[in-house]
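The values are calculated or read from the model by the stated rules, or taken from the named source; none is laboratory data. None of these values were measured; they are calculated from a predicted model. When we count neighbours, we look across all protein chains shown, and the Cβ atoms used for this are built from the backbone with ideal geometry, even at glycine. Each accessible area value is taken on the protein alone, full model and side chains, heavy atoms only, with ligands, DNA and RNA left out. Shrake-Rupley method; radii C 1.70, N 1.55, O 1.52, S 1.80 Å.
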Amino acid sequence: MFSIAWWIPLLPILSFITIVLFTKKSKLISSGISILVMLTCFIFSIMIFIRFLSLPLSARPINFSVPWMIISSLHLNIGILIDPLSINMIVLVTFISLLVQIYSLGYMKNDPRFSVYFSYLSLFTASMLGLVLSNNYLQLFIFWELVGLCSYLLIGFWYFKPSAATACKKAFVVNRIGDFGFLMGIITLGLTFHAFDFQAVHQKIALGLNNGVGSTAAITLIALLLFCGAVGKSAQFPLHVWLPDAMEGPTPISALIHAATMVAAGVFMIARTYQVFSASTVAMTTVAYVGGFTAIFAATIALTQDDIKRILAYSTLSQLGYMVLALGVGGYTAGMFHLTSHAFFKALLFLGAGSVIHSMETNDIWKMGGLLKKMKVTGITFLIAALSISGIPPFSGFWSKDEIFDAIQSSHVQGHQILLGIAIFTAFLTSLYMFRLFFVVFLGNGHHEEDSHENHAIHESPWTMLVPMIILAFMSIFFGMINAPHLGLYSKFIYYGSHPQKAPFSIKMVLISSLVATSGIILASLFYWQKVFSAKAVANAISPIYTLLKNKYYIDEFYSFLAKYFVFGLAALCAWFDKYVVDGGMVDGSGKLICAFGRGLRKIETGKIQNYALVIFGAIAVIYLIMSF
Amino acid sequence: MIPVQDFLYLAGLIFSIGVFGVLSRRNAISVLMGIELMLNAVNINLLAFAKFWGWTTLNGPVFVVFIITIAAGEAAVALAIFISIYRKFKDINVDEIKYLNH
């Protein structure tokens, strides 16, 4: 029964091949194949989930493995690992991908490359499904790279826009930096443990900590290198720069990337290799602090952005920071729980933003306003998502965020009080920027009413776009409750170690988090709805900080500077070396040497018989002299 | 009784003169004469050793007869070629006649 898991990544790959080779001409058939396949995968995932629940603990996890390559003593396998973590991911990925594909039917309706779009979506989802089902590091890496490739294709889907072409290259290159570290980590791990299967490696680590095989230093190195990969893929500081630019792709893609497929891969990878991370205190502390820093760093940038998708992108960065922080402080369940609940409301936010962009044909929030009246469903679902991400009880974001706060509170990481402070302050910033966005777009009176000729264009989106949003809104409200205190279904399913560990539920923390979230909303409403205070005045008062935030801390400029002077300098050096040493010295040089040799030898070919005779006699004389001694 | 060394000195001298003639002369007929000298130097050597062994075998003298015969034939053919070359080029200098396809 569990072997149907093989079909979960395979079916979307088959649908990709079918669309690309055969049905590209027909929009209807292509999208139909893609959506039906995704629906099948979703049903399969649910079947696996239900069946898995009835398995006794001793029978878990289920591991299918087939040999792939045998190189002397190294056995490489390909396989599928079914455990609570991967089940969580396959259900989530197929669910979000299914909704995004249905949504895309409406959103991409008039795109000439509609079928190609669906084929990429299938491939993208297939890669992510293969990634989460991997049972060894190498397979994980292969699908990891495939996810990177698909994100490149989809971010650059509108490749004729120069900004999209640049953004997809940027995403690819930045990811490559992280992936280099990741690959190094896998190689180091292979050299240390002589195995790549998760179960084998993790067993060795568990044993090794007792017997001294694989020193703590080696494990710390491996964990930090693996974390490089997660930093790239999950867009943590300092490799976060690609994610806001990735907004150049179609909006449903942003929803998919931000919610389930791409950025979740990094967090998932940390959770998957948690045995490695938790074996090293240094690595865990690094993970926690990088996550915490990214959370607050991105939230401050999000306060000042004007582009609706960019605000959401920075909010994703910030929320990913939360997840990484949670994993870093030992909150395995909290991290994965936030990943899952975040997937629902962030997908909803992006789909809502897509719906707004679809009718407004602009991304600038200041050109929108009062849309709640004209787009009721979009407005209300967006509000639900915003309440959820802000952490207002009882929306699902509240429960998962609270779980993270509890995890930080009860952790042993050095300075966890600071991290808790950062996390709570970030929660305040989150509700502030999210409601700034909501009030400006849906309640404020934007500039569009001045151009009345544009007004008639604002309309509610078609039902193909609204239905996925309503489903997601439902999930954003109710999903979190499954892990409410005394219920804790999620904690009982996904946990690290031998038995569920739920951080103690604290009423104090609930009050604090609700309070900061509410105060953020109130502050946002005073600034952007009731206009009691002027945001411009505040911005002018702290103009150096405002400029710094507006320009995203000048990180992009700093990287351009680095690229200009170091990368291009190095490239120029390499070019010089190639031109003058490789081409000039070695390639042309060897040719020139042969020519010179030839020119020298040509002189003895005089065509005069007597010269030849002289050589013959001379040679005989020399031979005679040699022989006679 | 003349010692065998004297014959060998003579033969070496004649051979060297022949080599010198072959290498230095530009006139084809002189080159041919150099070759004849070298052949005859070899003949002298063969006969000298035959005499040194007291004419016990006749291999050497028989060889000499063969060499003289073939040298005569060779000289006849070579001279015939030279004459036809001279008729064509009005010259018999070996340096000038590089190409047989003229």
With respect to the numbered conditions (1) in a helix (DSSP H, G or I); (2) under 30 Å from A:Ile102 (Cα atoms); (3) open to solvent by 10 Å² or more (accessible area, probe 1.4 Å), which one is the sole condition not fulfilled by A:Ile296?
(2)
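Is it true that B:Ala41 is within 14 Å of chain A (Cβ to nearest Cβ) and in contact with a helix residue (DSSP H, G or I) (Cβ under 8 Å, 6 or more places away or on another chain)? Break it down stepwise before answering.
On the way: within 14 Å of chain A (Cβ to nearest Cβ): yes; in contact with a helix residue (DSSP H, G or I) (Cβ under 8 Å, 6 or more places away or on another chain): yes.
When the stated conditions are applied, B:Ala41 passes them.
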Wholly within the stretch A:191-273, helices (runs of 4 or more DSSP H) carrying at least 1 residues that are of a type in the set (Phe, Trp, Tyr) and at negative phi:
A:198-211, A:216-233, A:242-245, A:263-272
Residues that are surrounded by 16 or more Cβ atoms within 10 Å (Cβ to Cβ) and of a type in the set (Ser, Thr, Tyr), drawn from the stretch A:519-553
A:Ser525, A:Tyr528, A:Tyr546
Of the candidates A:Ile620, A:Ile626, the one satisfying the condition of being more than 14 Å from chain B (Cβ to nearest Cβ), modelled with pLDDT of 90 or more and closer than 30 Å to B:Leu23 by Cβ is A:Ile626
Please go through the stretch A:472-494 and give me each residue that is of a type outside the set (Gly, Ala, Ser), in contact (Cβ under 8 Å) with a residue 40 or more places away in the chain and surrounded by fewer than 18 Cβ atoms within 10 Å (Cβ to Cβ), ordered by number.
A:Phe478, A:Met481
Given A:Leu348, A:Leu325, A:Leu339, A:Leu317, which one is assigned by TED's automatic domain parsing to the domain that holds A:Asp406 and more than 19 Å from A:Gly480 (Cβ to Cβ)?
A:Leu317
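Would you mind stating whether A:Met284 is open to solvent by 10 Å² or more (accessible area, probe 1.4 Å), in a helix (DSSP H, G or I), more than 21 Å from A:Gln414 (Cβ to Cβ) and touching a Ser or Thr at 6+ places or on another chain (Cβ under 7 Å)?
Numbers: open to solvent by 10 Å² or more (accessible area, probe 1.4 Å): yes; in a helix (DSSP H, G or I): yes; more than 21 Å from A:Gln414 (Cβ to Cβ): no; touching a Ser or Thr at 6+ places or on another chain (Cβ under 7 Å): yes.
The answer is no for A:Met284.
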Identity of the residue in the stretch A:567-608, open to solvent by less than 90 Å² (accessible area, probe 1.4 Å) and assigned to a loop (DSSP other than H, G, I, E, B), that ends up farthest from the other protein chains (Cβ to nearest Cβ):
A:Thr606
Does any residue of the stretch B:25-36 turn out to be farther than 19 Å from A:Ala613 by Cβ, surrounded by fewer than 17 Cβ atoms within 10 Å (Cβ to Cβ) and away from chain A (no Cβ under 14 Å)?
no
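Among the residues of the stretch B:1-24, what is the count of those that are away from every other protein chain (no Cβ under 11 Å) and among the hydrophobic types (A, V, I, L, M, F, W, C)? Lay out the reasoning, then the answer.
Filtering the stretch B:1-24 for residues away from every other protein chain (no Cβ under 11 Å) gives B:1-14, B:17.
Checking the rest, the ones that are also among the hydrophobic types (A, V, I, L, M, F, W, C) come to B:1-2, B:4, B:7-8, B:10-11, B:13-14, B:17.
Of the residues in the stretch B:1-24, 10 are away from every other protein chain (no Cβ under 11 Å) and among the hydrophobic types (A, V, I, L, M, F, W, C).
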Restrict the check to the stretch B:46-59 and report whether at least one residue is within 24 Å of A:Val615 (Cα to Cα) and either assigned to a helix (DSSP H, G or I) or modelled with pLDDT of 90 or more (or both).
no
I'd like to check something: does the stretch A:47-60 contain any residue that is in contact with a Leu (Cβ under 9 Å, 6 or more places away or on another chain), part of a helix (DSSP H, G or I) and open to solvent by 40 Å² or more (accessible area, probe 1.4 Å)?
no
Restricting to the stretch A:1-52, give me the number of residues that are without any contact (Cβ under 8 Å) to a residue 12 or more places away in the chain and of a type outside the set (A, V, I, L, M).
2
So A:His358 clears everything in (1) in a loop (DSSP other than H, G, I, E, B); (2) open to solvent by 10 Å² or more (accessible area, probe 1.4 Å) except one condition, right? Which one?
(1)
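Tell me yes or no: at least one residue of the stretch B:53-67 is within 14 Å of chain A (Cβ to nearest Cβ) and free of Cβ contacts under 8 Å to residues at least 60 places away in the same chain. Write out each step before concluding.
Pass one, the stretch B:53-67, residues within 14 Å of chain A (Cβ to nearest Cβ): none.
Checked the stretch B:53-67: no residue is within 14 Å of chain A (Cβ to nearest Cβ) and free of Cβ contacts under 8 Å to residues at least 60 places away in the same chain.
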